[in-house]
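J.: A single structure is presented below for examination.
The values are calculated or read from the model by the stated rules, or taken from the named source; none is laboratory data. Worth saying up front: this structure is predicted, and the values here are computed from it rather than measured. So basically every Cβ, Gly included, is an ideal-geometry build from the backbone, and we count neighbours across all protein chains shown.
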Amino acid sequence: MASRIRLSTSEEFEIAIRWETVRSEYFRSVGNIQKSDESLLTVKELRLRLKSEGIDTNPDKITEADNLDVGDISITAKPSETVFA
């Protein structure tokens, strides 16, 4: 994320997380792994910010961004077909 936008509601966080997830999947599908990994890091940051503000929208759902090791940039993943499901 180029600039840190102030997100105030859980819905805004969810939209931002979904957007970055879509971006990550798109970049991975066109072969731009670096941009994909950057978007996954942004998703992880957004989730941490969401939890730090006391809002946990999907506590049972674990995604690739949750398991992302910052030192491991060679992650392989298939694009999800149900991002907005």
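J.: In segment 5-41, what residues are among the polar types (S, T, N, Q), over 20 Å from E53 (Cα atoms) and exposed (fewer than 15 other Cβ atoms within 10 Å of the Cβ)?
T.: First pass over segment 5-41, keeping only residues among the polar types (S, T, N, Q): 8-10, 21, 24, 29, 32, 34, 36, 39.
Now narrow it down to the ones that are over 20 Å from E53 (Cα atoms): 21, 24, 29, 32, 34, 36, 39.
If the condition is that a residue be among the polar types (S, T, N, Q), over 20 Å from E53 (Cα atoms) and exposed (fewer than 15 other Cβ atoms within 10 Å of the Cβ), then S29, N32, Q34 are the ones that fit.
J.: Check whether at least one residue in segment 49-56 is in contact with a Ser or Thr (Cβ under 9 Å, 6 or more places away or on another chain), modelled with pLDDT of 70 or more and surrounded by 14 or more Cβ atoms within 10 Å (Cβ to Cβ), and report yes or no.
T.: Yes, the conditions are met somewhere in segment 49-56.
J.: Answer yes if at least one residue in segment 11-19 is among the small types (G, A, S), touching a helix residue (DSSP H, G or I) at 6+ places or on another chain (Cβ under 7 Å), part of a helix (DSSP H, G or I) and at pLDDT 60 or above, and no otherwise.
T.: Within segment 11-19, one or more residues are among the small types (G, A, S), touching a helix residue (DSSP H, G or I) at 6+ places or on another chain (Cβ under 7 Å), part of a helix (DSSP H, G or I) and at pLDDT 60 or above.
J.: Looking at segment 19-38, I want the residues that are acidic (D, E) and have a partner that is outside any loop (DSSP other than H, G, I, E, B) and buried (at least 16 other Cβ atoms within 10 Å of the Cβ) with Cβ atoms under 7 Å, at least 6 apart or on another chain. Which pairs are those?
T.: From residues that are acidic (D, E), the pairs are E20/S39; E20/T42; E20/V43; E20/L46.
J.: Regarding D37, is this residue at pLDDT 90 or above and not hydrophobic (A, V, I, L, M, F, W, C)?
T.: Numbers: at pLDDT 90 or above: yes; not hydrophobic (A, V, I, L, M, F, W, C): yes.
Judged against the criteria, D37 is a match.
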